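For reference, the structure is listed below as structure tokens.
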Amino acid sequence: MAKITVLFGNQVQAEYNLDKDELRVGRAADCEIVVDNMGVSRHHCSIVRSGEGWAVADQGSNNGTFVSGKRVDGTQDLKHKERIVLGKHSLEYDAHGTADPAKAAAASGGGGGGGGEMTMFVDPEQMKKMQEELKKGGQAMVLSIIQGGREVKVQLVKQETIIGKIPGADIPVRGMFVKPIQAKVIKSDSGHRLVSMGGFRSVKVNGRKVSDSNLNPGDVLQVAGVIMHYKKQ
């Protein structure tokens, strides 16, 4: 038996036995391996049987599937203990392991699959940086958003995190009069600032309209009706 372990940084989130010829990986509820992160596509990739071993096949994901730092183009055979990187998550392939029943049960009962929301785009260089920071055990700041009854965390590792309706925005926001870039969260010496790009839609911190505001842990941000909590990872 072989297994896949889903990790966030080095924290184990779930384990799955490779007990069928193909296991789909993604954000959608119909995937056998559900990765609940908005940087992961609904049907991101698949783990497929390949001769006596296993391989990963990208399924046209928006942000790509990476093995050993290289983007997978088509199908790539997996080596024992190799990691498949999907945004802030990774999947470790164990050619000889068996999933812990408790962790497998927790995974099957998780009920992830917020398949209806848009995928948040992640730059490959930022993806690598996120993995490195998580491995170091750093205390990254995030914006926490509730979508479809579940929490989505957007790590603030970029110099500027874009909020708006422009294609590829870090946090997509829709609606009438929303600008392509409605607001930015910008790194500063003291942490982060929220900067409004103007227009008809207001940008608020803790209920007050702002144009440029330093952020503190616990602050509640509102951009065009989307509510986000600024907090530690």
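Annotations for the structure displayed:
- Legend: residues 146, 166, sorted from most to least accessible area (1.4 Å probe; ligands, DNA and RNA excluded), read 146, 166.
- Inter-site label distance for residue 187 and residue 21 at 7 Å from Cα along Cβ, in nm: 4.7 nm
- Summed residue charge, Cβ within 11 Å of residue 197's Cβ, Lys/Arg positive, Asp/Glu negative: +2
- Counting Lys and Arg as +1 and Asp and Glu as -1 over every other residue whose Cβ lies under 12 Å from the Cβ of residue 222, the net charge comes to +3.
- Other-chain or far-sequence residues with amide H under 5 Å of residue 202's (modelled H): 224
- Entries of 20/153; 20/232; 153/209 with Cα pairs more than 29 Å apart: 20/153; 20/232
- Amide H within-cut-off set for residue 39, under 5 Å, with H built and near neighbours excluded: 120
- In sequence order, region 31-46 has phi-based couplings of 7, 6, 10, 8, 10, 8, 8, 6, x, 9, 6, 4, 10, 7, 7, 9 Hz under the Karplus curve 6.51 cos²θ - 1.76 cosθ + 1.60, θ = phi - 60°, and Gly or Pro positions carry x.
- Per-residue Karplus couplings for region 219-228, computed as 6.51 cos²θ - 1.76 cosθ + 1.60 with θ equal to phi - 60°, are listed in order as 5, 10, 9, 9, 10, 6, x, 8, 9, 10 Hz, Gly and Pro entered as x.
- Cα gyration tensor shape of region 54-93, rounded if a/c is under 1.5, else prolate or oblate by comparing a/b with b/c: oblate
- Counted charge near residue 176, where neighbours are those whose Cβ lies closer than 13 Å (Asp, Glu -1; Lys, Arg +1): +4
The values are calculated or read from the model by the stated rules, or taken from the named source; none is laboratory data. Bear in mind that the values here come from a model prediction, so they are computed numbers and not experimental data. A quick note on method: Cβ atoms are made from the backbone with ideal geometry, for glycine too, and the neighbour counts reach across all protein chains shown. When the accessible area is computed, the model is the full protein with side chains, heavy atoms only, and any ligands, DNA or RNA have been set aside. Shrake-Rupley method; radii C 1.70, N 1.55, O 1.52, S 1.80 Å.
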